[in-house]
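The values are calculated or read from the model by the stated rules, or taken from the named source; none is laboratory data. For clarity, every value in this text was computed on a predicted model and none was experimentally measured. Here the Cβ positions follow ideal geometry from the backbone for every residue, glycine too, while neighbour counts run over all protein chains shown. Remember, those area values only see protein heavy atoms, side chains included, never the ligands or the DNA or RNA. Shrake-Rupley method; radii C 1.70, N 1.55, O 1.52, S 1.80 Å.
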Amino acid sequence: MSKTTQAPKALRGVGNFIDDRFHLAKTGEKNLRKVFPNHWSFMLGEIALYSFIILLVTGVFLTLWFKPSMAEIIYDGSYERLQGVPMSEAYASTLYIDFEVRGGFLVRQIHHWAALIFVASLVVHMLRVFFTGAFRKPREINWLIGVAIFGLAMVEGLFGYSLPDDLPSGMGVRILQGVMMALPLVGPYISMFLFGGEFPGEDIITRLYMLHILLIPALLLALIVAHFMILWHQKHTQYPGQGRTDKTVVGTPMFPAFAVKAGGFFFFTFAVTAGLSAFVQINPIHLFGPFTPTSITSGLQPDWYMGFMEGALRIFPNWFDLTVFGYAIPTAVLVPGLVIPGLLFGGLAAWPFIEQWITGDRSAHNVVDRPRNAPVRTGIGVSGIVFYGVLWLAGSNDVLSETFSIELYLTTYIFRVLIILGPGVGFYITKRICLGLQRRDRETLEHGYESGTIQQLPSGEFIEVHKHNSDETVHVLKSKPTITSTALADDADVDDKGVENPEARKGTGKLRRALAHWYTKDNVPIDDVEAHSGHHLHHSAAEGEKEAVH
Amino acid sequence: MKWITARRRHPLAGYVVVILALALFGVGYAALAPTADQAQAQTLAADAPSQDDVNVLEGKEVFDQTCATCHNYDGSGTANGPDLRGVGPAAVDFQVSTGRMPSMDPDSQMPRKPMAMSEQDLQNLIAYYNAQIRTDDLGPDIPYDVPNSAPERSEFEDEEAYEAAVEEYQTEYEAYVEGAEDTDMGMRLYLTNCAHCHGWSGGGGALTDGRWAPEIHDASPREIYEAMVSGPGAMPMFSDGVIEPEEKQELIAYVKTLQAEPDAGGIFALERVGQVAEGFIAWVVGLALIIACAIWITAKQRAHD
């Protein structure tokens, strides 16, 4: 070892002192050299992490002045328009943060923009994991943690939105209370308990404040830490490529290269959030005015992540509302308020296990799928996006109606039709696109890529010259897995001793076989393809040879 | 041509063509499209015009030419238009000064437009309406003490008279808006009675059956007042008995003050649309920029990476 790699003596002394006691050198060395695969889509989760850090920091700043109290006072602050108006202390202290605390307005806007970007980045991160199949064994637990983070983030956002006690937050809390009241039997009790009496009561802001700054952030933080520790332990997934296998990770070492990138990325995330907050007004509570139970306004929505629930409420018909023994069962509120989010989060949480049950695949996967190579999964993902997206759009149907001059009722009917047809159409189109891409992959593998060079043959024929793919491309194309299911294997209905398995004859066995057939039936096989064996490559060869290749 | 030929297969060529085409259409449309005229009625806020200033006969001419087709010569209405005899001059002033009448299509809701006739014609029309058509003084009167829109230069012969009129108007407008002192009352009245259609900011909103509540930012205080007392279209009527004139002043002052309020949160206020616009920006600007950065910092791979 050359002398230049030695640290200065003073540092060595400190380093040795610590290492003699904690034996950190080995662990440190191992973790600093940890390899992180290099792809932009692997940074999406980091956006969520950084937004969360921004939320924590700005949130602490806001708590220094925010008063979570519903005690009514007469406003006497520096915002002239509302002087003399009775309002809650919560609203007045938010005005104080906006107009009297130095930088308070900016920090409040950063907090709000960061919240919107936080949940949005959770969604895109989750979609990336879903479409690449990165939730498969051994990462199911981390997927479940992710689903929990997503759900908690939504609730956290809703409660934060409700704290300033301005006009939209009061309306949001009212809708929340309405959904609670719709619960059969227990609804009114839960509502009375949470609000400490009738809506709005005098306790709700204080209670939501505790949930918003203490309980839910603590849970989120714990889950995020767990998410990262599991990621660290299991290592990151990677896209197929040369040298990348289920046992070998190829990428950038944590220190210094990846740490620099990730650190820089934090500052970029912060810059975009701060830039938005400096120039684009968000949630102008001073314009809305304080909430009073008689106030109601059109044109206000929840923040975007609650939009799909708002949309479900808006388009679900009231045809199924019942009265049982004199008690109303308002299904038009219950289904959108509980069943739809239940379906969404339940479906997300269950999918890794459903897929495992269908395919019977119990092996560990560290190389992810290209979405086209799992067409049914990709199709299901897109139909989920369509379902969510239609509900989300329906949540803003009044704004859409006004902006695009469409009749309000007509938008409701359009969304009702779309919510039923859209997911199916989305599934079908996506699956066809995936299979089309598979066919093109097969062709690229067989013929090489189109070079754009046109040649005229001695016979007068024009051809486009195909060139050989790089080794990397060939490797990626050839790595396409064939999706199979143990339910379809020849010996699926007999056990290892040749005795017929009674499970296979039962309903679930039949269902599993049917699903497995549906899941695996469409596939463009590449097993019979030899790379660069297609005839296009040989057009420039002599006539006789060309015939032979055909 | 050679320059283009050399570059037309560049990977970015397609994007450049799309951007150029979009720019061409955008600029072309902006150049050719009809400019949206800001609707402005042009009355000077003043007392009721004296008898000497109006001409009932000319008002009859205006009525017979522009109103009688649908509302009949005696104002009793036809299948196309309602009976006007009991609606009151406030309704006439509101409908005509906001350009909603004369209507091109009686079956659909009329948007706000520039007034179709001159200010003098409107005064004559109202005088004729009061003299010949209105029955038993039914319907609300025009609130002449509430300021109307700012005067327009074209209504005046010389600059001096115009400036004097503007000054007079501004004094009157400020006196009216600042005469309201109870923000809480104005806010509660607005948020209880108006905001569920016109929106918290007065930006308008969607209604049922293909109707919409128009935005009220262009409306003068007098037009807002007249709309309340006459209840045009689907709007309910808020007579002076239901909301007293002083309360109306508080309400109108609240709307106008809120409208004039600067957007303290940033130069882009997103038209005060609220959460839908904010969510849209969070995705297509915020998250998109950050992801673009992720693509950027992971794109360059050095040999030893």
Does residue A:50 qualify as being in contact (Cβ under 8 Å) with a residue 12 or more places away in the chain, farther than 29 Å from residue B:257 by Cβ and out of contact with any Pro (no Cβ under 9 Å at 6 or more places or on another chain)? yes
Quick one: in the range B:220-266, of everything that is small (Gly, Ala, Ser) and within 22 Å of residue B:106 (Cα to Cα), which residue is farthest from the other protein chains (Cβ to nearest Cβ)? B:230
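A quick yes/no check of all residues on (1) at pLDDT 90 or above; (2) open to solvent by 40 Å² or more (accessible area, probe 1.4 Å); (3) more than 24 Å from the chain's Cα centre (by Cα):
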{"site": "A:316", "(1), (2), (3)": "yes, yes, yes"}
{"site": "A:325", "(1), (2), (3)": "no, yes, yes"}
{"site": "A:328", "(1), (2), (3)": "no, yes, yes"}
{"site": "A:334", "(1), (2), (3)": "yes, no, yes"}
{"site": "A:343", "(1), (2), (3)": "yes, yes, no"}
{"site": "A:346", "(1), (2), (3)": "yes, no, no"}
{"site": "A:366", "(1), (2), (3)": "yes, no, no"}
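Residue check: is residue A:417 at pLDDT 95 or above and either under 15 Å from residue A:311 (Cβ atoms) or touching a Gly at 6+ places or on another chain (Cβ under 9 Å) (or both)?
Details: at pLDDT 95 or above: yes; either under 15 Å from residue A:311 (Cβ atoms) or touching a Gly at 6+ places or on another chain (Cβ under 9 Å) (or both): yes.
Spelling it out, residue A:417 is indeed at pLDDT 95 or above and either under 15 Å from residue A:311 (Cβ atoms) or touching a Gly at 6+ places or on another chain (Cβ under 9 Å) (or both).
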Residue pairs qualifying under the 7 Å Cβ cut-off, at least six apart or on distinct chains, with the first in the range A:373-402 being more than 14 Å from chain B (Cβ to nearest Cβ) and the second being among the polar types (S, T, N, Q) and open to solvent by 10 Å² or more (accessible area, probe 1.4 Å), are A:378/A:430; A:379/A:430; A:382/A:430
Which fully enclosed helices (runs of 4 or more DSSP H) of the range A:107-199 have 3 or more residues being among the β-branched types (Val, Ile, Thr)? A:140-162, A:167-181
Of all residues in the range A:468-487 being touching a residue at least 60 places away in the same chain (Cβ under 8 Å) and not in a helix (DSSP H, G or I), which is nearest to the other protein chains (Cβ to nearest Cβ)? A:469
Of the residues A:428, A:519, which is crowded, with 17+ Cβ neighbours inside 10 Å and of a type in the set (Phe, Trp, Tyr)? A:519
Condition check for residue A:284: free of Cβ contacts under 8 Å to residues at least 24 places away in the same chain, surrounded by 21 or more Cβ atoms within 10 Å (Cβ to Cβ) and either of a type outside the set (Lys, Arg) or under 30 Å from residue A:410 (Cα atoms) (or both): yes
Subset of the range B:248-273 [surrounded by fewer than 19 Cβ atoms within 10 Å (Cβ to Cβ) and either free of Cβ contacts under 8 Å to residues at least 24 places away in the same chain or in contact with a Leu (Cβ under 7 Å, 6 or more places away or on another chain) (or both)]: B:260, B:261, B:262, B:263, B:264, B:266, B:267, B:268, B:269
Lone qualifier among B:276, B:284 - being in a helix (DSSP H, G or I), surrounded by fewer than 16 Cβ atoms within 10 Å (Cβ to Cβ) and within 14 Å of chain A (Cβ to nearest Cβ): B:284
Check every one of the helices (runs of 4 or more DSSP H) wholly within the range A:1-70 and list those with 3 or more residues that are under 30 Å from residue A:234 (Cβ atoms) and within 14 Å of another protein chain (Cβ to nearest Cβ). A:44-63
For the range A:287-306, the count of residues that are under 18 Å from residue A:159 (Cβ atoms), more than 7 Å from every other protein chain (Cβ to nearest Cβ) and open to solvent by 10 Å² or more (accessible area, probe 1.4 Å) equals 2
Given the options A:411, A:453, name the one that is surrounded by fewer than 13 Cβ atoms within 10 Å (Cβ to Cβ), within 14 Å of chain B (Cβ to nearest Cβ) and without any contact (Cβ under 8 Å) to a residue 60 or more places away in the chain. A:453
Go through the range A:205-243 residue by residue and tally those that are of a type in the set (Gly, Ala, Ser) and closer than 15 Å to residue A:46 by Cα. 1
Looking only at the range A:228-237, decide whether some residue is surrounded by 14 or more Cβ atoms within 10 Å (Cβ to Cβ), within 30 Å of residue A:67 (Cβ to Cβ) and among the aliphatic types (A, V, I, L, M). no
